[in-house]
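Let me begin by presenting the structure, written as structure tokens, before commenting on it.
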Amino acid sequence: MRRLLALTTILLMGVALFISGCSKQEEIDESQKTTIHLAMDADPVSLDPHVQLSGGMLAYSHAIFDPLVRWTHEMTFEGRLASKWERLDTLTVRFWLRKGVTFHSGNPFTAKDVVWTFERLQKSVDYKGLFEPFESIKIVDDYTIDIVTKRPYPLLLNMATYIFPMDSVYFTGADENGQDKGAIVKSGPSFALTHESGTGPYRVTAREHGVKTVYERYADYWDTASPGNVQKIVVTPIKNTATRVASLLSGDTDFIYPVSPQDFKQIESNDQTKLVTLGGSRIITLQLNQTRRPEFKDIRVRQAIVHAINNTGIVTNIMKGFGTTAGQQGPKGYLGYKEELVPRYDLEKAKVLMKEAGYEKGFSCSMISPNNRYVNDAKIAEAVANMLAKINIKVDLKTMPKAQYWDEFDAKVADIQLIGWHSDTEDSGNFSEYLSMCINTDTGYGQYNSGTYCNPKVDELTMAAQAETDTAKRTAMLQEIEQILYDDAAFVPLHWQNLAWASSKDLAIEPIVNAMNFPYLGDLVAK
Amino acid sequence: MFAFTVKRILQALFVMLIISLLGFSIKHEFGDPIRDMVGIQVSVKDREILRETMGLNDPFITQYARFLKNAAHGDLGTSFFYKKPAMHVILSKAPATIELVFASSLIVILISIPVGIFAAIKPRHWFSRIAMGGSIVGVSIPVFLTAILMIYLFSITLGWFPSYGRGETVDLWGWHTGLLTADGLRHLIMPAIALSSIMLPLFIRLIRSEMMEVLETEYIRFAYAKGLKKKRIWFIHAFKNTLLPVITVGGVQLGIMLAYTILTETVFQWAGMGFMFLESVQRSDTTLLVAYIIFVGGVFVIVNTMVDIIYGLVNPTIRVSGRK
């Protein structure tokens with residue numbers, strides 16, 4: 001028996017050596033130099049960009065497709081498939097499209113592809129909400145389109161960053177199962193799940209769902225001015241944080257994200273790797289449920305809580321500096337941002353406020369938080385519970401994985417609930433629409449307002465700001481909202497989560513990463 | 001004999017039914033699959049529509065009946081994440097796990113037997129003491145810690161082995177194997193050692209104690225008295241009898257080893273079934289989850305049924321007791 005095993009082993013090793021001898025030559029080809037390995041925490045769920053709205057899918061879209069316009073580092077717009085644009089009237093913006101662009105299938109890109117994609121977005125479960133303010137899209141000629149909104153809409157260009165034209169010819173007709181090639185299917189096979197044809201810098205040449213996706217540079221890419229010189233990107237999802245960092249440090253990957261604060265030191269002290277961080281726009285907040293807990297109806301109690309939370313302590317000790325302390329919803333750079341609205345940590349004042357409200361002895365309440373959704377979310381929640389104990393609020397904290405969290409959150413099972421929010425429109429208004437407007441199940445506003453805070457003035461201002469195209473007036477409205485929420489202590493702002501990427505020193509990732517966390521891989525330069 | 005076989009198969013089917021019922025009834029505890037399929041801003045109404053069209057709102061009995069009906073046709077549902085038949089996903093991940101378990105079993109067999117025998121023959125030797133002491137440490141360190149430490153030492157510090165994945169694979173009649181490329185083998189070494197680290201100490205100790213027991217028996221003493229060569233007594237007469245209980249335990253442990261692949265595969269990003277299982281829990285991919293539970297249950301039931309039938313063939317007394 002043992003002899004047999006030994007024999008098999010030797011045989012196997014022999015075969016392996018033989019094969020490896022053969023494959024060695026193939027490995028060393030020219031493209032090796034500009035092939036990079038990228039590891040992220042998750043794989044794009046589909047090759048269909050409209051099947052889900054998530055950071056990962058948008059990052060994928062920027063590599064394989066091109067939007068009409070995209071955000072720059074300074075949060076201004078840069079034309080991609082639209083070479084220029086102009087507001088014709090309060091409802092209409094005209095876009096002039098780039099000529100001579102081809103899809104990966106070889107089909108030319110024209111206005112009808114934009115219209116086709118736009119109509120597909122309006123059908124997508126994930127995108128139709130964002131495209132609700134839009135009335136229609138009109139073809140002026142092959143390379144000019146007009147986008148019309150139902151009411152004056154200031155965020156039209158923000159939304160144009162989501163329009164990644166797809167190849168309408170390629171996706172028309174029926175696939176081998178008789179299903180429409182353009183169908184958006186959430187829970188089953190579809191043509192677009194496994195096929196792509198965009199105009200982007202890369203084509204998907206191989207894909208093993210959940211294991212590996214290979215991007216290869218599209219030879220006829222229109223943007224010849226792009227400095228990008230990476231020919232091939234092997235994208236691997238590596239779920240485990242420690243493994244992801246190890247893969248970079250050992251040189252098995254060249255570019256990884258996200259990176260956890262506890263790994264920063266290791267990456268910075270290694271002479272082969274570097275770390276790039278940017279301030280992010282995702283706010284982490286606590287919502288105080290006024291319906292469940294009558295004490296929270298009292299503004300003094302809410303103020304006391306806000307004063308009892310040491311935002312700086314959380315950012316320094318738990319986030320290791322990987323965050324920006326927040327006193328309001330939108331971060332700096334957003335229209336509604338008000339410099340004066342800073343965190344209010346003052347324990348003495350908090351105790352006085354509790355006393356004034358008649359809760360000197362405190363009370364007990366429940367709290368829930370996810371434990372794998374935001375950076376260090378469970379630790380933050382524990383710290384908050386400890387801080388509230390100092391003003392005699394006894395918190396019964398329960399943490400759970402995100403797969404279970406959102407149902408509990410929606411059911412408002414606890415008095416204090418933690419939620420992080422990133423504005424899909426990159427605009428202040430979005431925070432109020434989802435987090436602080438009165439809950440309205442018909443319109444969907446206040447969908448994630450588990451604090452049940454309701455102030456008609458905030459609703460009125462948010463709606464007015466939605467339809468105000470004058471930037472100065474809009475800014476005033478959005479800032480007023482932040483001021484009201486601050487004075488009312490409508491919720492507890494904690495911090496804005498920063499973003500981090502790490503790569504080998506040979507990659508110039510600084511110019512391509514951004515606050516939205518979709519690196520523009522097409523412009524990536526490798527030394 | 002025929003009646004016995006039919007009876008065993010019926011029993012196996014019944015067990016499978018119970019497993020599927022259990023799997024199906026706990027699936028709601030893993031969270032809402034819809035949540036993982038849509039962006040956070042999608043309205044409650046739209047989520048409700050999606051849930052309705054996917055049949056997730058139907059009463060438990062309806063859902064279960066539909067599931068059984070499809071399962072009878074060999075369809076265990078479509079994975080929410082992979083958007084492919086769950087069975088197809090599981091089978092495509094199986095080679096990676098089987099190869100990993102095979103490699104670790106090889107390590108366990110090749111090391112535990114000589115070390116175990118040596119420790120039994122020369123219990124006071126310094127090597128035996130180190131092996132016994134080391135095995136206590138080995139069995140106490142959790143797999144994921146061993147794995148992380150190995151990655152740190154051999155990938156980051158020394159750069160000997162790659163830190164993640166399966167490396168290059170070759171398609172062998174539909175079986176994607178990493179055993180035939182140098183790159184694949186290099187990727188296999190660390191996960192295989194990490195996985196074997198939990199079984200190896202156990203087997204060394206098991207072989208040692210069984211062997212020591214056998215060495216005390218009458219027939220071994222008689223063999224000594226007869227003047228047989230020591231090596232012949234140890235390796236032929238004693239060792240053979242040591243193996244019987246070891247094989248029995250080994251069979252059971254193989255199942256446990258399959259379970260431990262979940263940890264090893266997660267740390268090494270090894271695209272096998274264990275990793276797939278953990279991910280489907282995190283994604284609330286309940287179809288895949290239930291299918292996997294049934295698949296694993298099925299494998300165990302089939303193996304046990306076959307063993308029972310073979311036993312019945314070999315040992316007629318079993319059949320008699322089965323008739324009671």
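Which of the chymotrypsin sites (Phe, Trp or Tyr not before Pro) found in region B:100-188 are loop residues per DSSP with 12 or fewer other Cβ atoms within 10 Å of their Cβ?
Passing sites in region B:100-188 are B:Trp160, B:Trp173.
Just add up the charged neighbours of A:Lys320: K/R +1, D/E -1, any other residue whose Cβ is under 13 Å from the Cβ of A:Lys320.
Local net charge: 0.
What is chain A's relative contact order, in percent, from Cα pairs under 8 angstrom and six or more apart in sequence?
Details: 1034 pairs, mean separation 99.1, N = 527.
Answer for chain A is 19 percent.
What percent does the relative contact order of region B:86-314 come to when contacts are Cα pairs within less than 8 Å and at least six residues apart?
29 percent
Do any GluC sites (Glu not before Pro) in region A:161-216 lie in a DSSP loop with no more than 12 other beta carbon atoms within 10 Å, and if so, which?
Passing sites in region A:161-216 are A:Glu176.
If you take each beta carbon of peptide B:270-283 and count the beta carbons of other chains within 10 angstrom, what is the mean?
2
Enumerate the lysines that A:Lys394 could reach by cross-link, defined here as Cα to Cα under 21 Å, with residues fewer than 8 away along the same chain left out.
The qualifying lysines are A:Lys297, A:Lys349, A:Lys351, A:Lys355, A:Lys361, A:Lys379, A:Lys412.
Taking the Cα atoms of region B:83-180 alone, what are Rg (to one decimal) and Dmax (as a whole number) in Å?
Computed over the Cα atoms of region B:83-180, radius of gyration and Dmax are 18.3, 59 Å.
If I compute solvent accessible area with a 1.4 Å probe over the protein chains, what percent of it on region B:86-314 is carbon and sulfur?
73 percent
Along Cα→Cβ, 7 Å out, is where each label goes; now give me the distance between the ones at A:Asn440 and A:Phe363 in nm to one decimal.
Rounded to a tenth, the inter-label distance reads 3.0 nm.
Once you have the Cα-Cα distance between A:Val342 and A:Ala206, take 0.36 nm times their residue separation minus that, and quote the gain in nm to one decimal. Before the final figure, lay out each step's value.
On the way: separation 136, 0.36 × 136 = 48.96 nm, distance 4.90 nm.
Stretched fully, the A:Val342-A:Ala206 segment lengthens by 44.1 nm.
List the lysines whose Cα sits under 21 Å from the Cα of A:Lys473, skipping any in the same chain fewer than 8 residues away.
Once the sequence-local lysines are set aside, what remains near A:Lys473 is A:Lys150, A:Lys332, A:Lys338, A:Lys457.
Take the alpha-carbon positions of chain A, form their convex hull, and give its projected area averaged over all directions (one quarter of the hull surface) in nm².
30.2 nm²
Quick check for region B:86-314: number of Lys pairs with alpha-carbon distance under 22 Å, counting only pairs 8 or more apart or on different chains?
9
Over all residues in B:98-110, what is the mean tally of Cβ atoms on other chains that come within 10 Å of each residue's Cβ? Walk me through the numbers on the way to the answer.
On the way: counts 0, 0, 0, 0, 0, 0, 0, 0, 4, 0, 0, 3, 4.
Per residue, the average neighbour count from other chains is 1.
Counting protein heavy atoms only and a 1.4 angstrom probe, how many square angstrom of accessible surface do chains A and B bury in total, to the nearest 100?
Interface area, both chains combined: 4500 Å², rounded to the nearest 100.
So for the pair B:Ile136, B:Trp160, with labels modelled 7 Å out along Cα→Cβ, what separation do we get in nm?
2.7 nm
Run the helix sum for chain A: -39,500 (n - 2.57) per DSSP H stretch of 4+ residues, divided by residue count, reported at 222 nm to the nearest 500 deg cm²/dmol.
Values: 13 runs with 144 residues, N = 527.
Computed ellipticity for chain A at 222 nm equals -8500 deg cm²/dmol.
So which trypsin sites (Lys or Arg not before Pro) in region A:80-155 are both in a DSSP loop and have at most 13 other Cβ atoms within 10 Å of their Cβ?
Details: sites: A:Arg80, A:Lys84, A:Arg87, A:Arg94, A:Arg98, A:Lys99, A:Lys112, A:Arg120, A:Lys123, A:Lys128, A:Lys138, A:Lys150; in loops: A:Arg80, A:Arg98, A:Lys99, A:Lys128, A:Lys150.
Passing both the DSSP loop test and the Cβ count: A:Lys99, A:Lys150.
Measuring with a 1.4 Å probe in the full set of protein chains, what accessible area per residue, in whole Å², belongs to chain A?
For chain A, the per-residue accessible area is 41 Å².
In nm, to one decimal, how far is the modelled label at A:Arg87 from the one at A:Asp141, with both set 7 Å along Cα→Cβ?
2.6 nm
Using 25 Å as the Cα-Cα cut-off, could you pick out the over-long pairs in A:Lys181/B:Lys83; A:Lys239/A:Lys320; A:Lys402/B:Lys27; A:Lys112/B:Lys45?
Long pairs (Cα-Cα over 25 Å): A:Lys112/B:Lys45.
On a full-extension model of 0.36 nm per residue, what is the gain between B:Lys122 and B:Ala94, subtracting their alpha-carbon distance, rounded to one decimal in nm?
Details: separation 28, 0.36 × 28 = 10.08 nm, distance 4.14 nm.
My answer for the length gained is 5.9 nm.
What does the average come to when, for each residue of peptide B:180-187, you count the partner chain Cβ atoms lying within 10 Å of its Cβ? Let's see the in-between values first.
Numbers: counts 7, 6, 10, 6, 3, 6, 2, 1.
Average neighbour count from other chains, rounded to a whole number: 5.
Using Cα-Cα distances under 8 Å and only pairs 6 or more residues apart, what relative contact order does region A:279-498 have, in percent?
Relative contact order here is 36 percent.
Given a Förster distance of 45 Å, report the FRET efficiency between A:Ser269 and A:Lys181 from their Cβ-Cβ distance, rounded to the nearest 0.05. List each step's numbers first, then the result.
Details: r = 51 Å, r/R0 = 1.13.
It comes to 0.35.
Would you mind getting the Kirkwood hydrodynamic radius of region A:279-498 from its Cα pairs, rounded to one decimal in Å?
Value: 17.3 Å, from the Cα pair sum.
By how many nm would the segment from B:Ala65 to B:Glu52 grow when fully extended, if each residue of separation counts as 0.36 nm and the alpha-carbon distance is taken off?
3.0 nm
Can you give the convex hull volume per residue for the Cα atoms of region A:249-367, as a whole number of Å³? Let's see the in-between values first.
Values: hull volume 19.1 nm³, N = 119.
Normalising the Cα hull of region A:249-367 by residue number yields 161 Å³.
Compute and list, largest first, the equivalent-ellipsoid semi-axes of region A:420-525 from the alpha carbon gyration tensor, each √(5λ) rounded to a whole angstrom.
The answer is 34, 16, 13 Å, longest axis first.
Hey, how much of the P(r) for chain B falls beyond 36 Å, as a percent of Cα pairs?
37 percent
Let me know the volume per residue of the alpha-carbon convex hull for region A:151-270, in Å³.
Convex hull volume per residue, Cα atoms: 221 Å³.
The values are calculated or read from the model by the stated rules, or taken from the named source; none is laboratory data. Not measured: the values here are computed from a predicted model. All Cβ positions, even for glycine, are placed from backbone atoms using ideal geometry, and neighbour counts span all protein chains on display. Ligands, DNA and RNA are stripped out before the accessible areas are found, and what is left, the full protein with its side chains, is counted by its heavy atoms. Shrake-Rupley method; radii C 1.70, N 1.55, O 1.52, S 1.80 Å.
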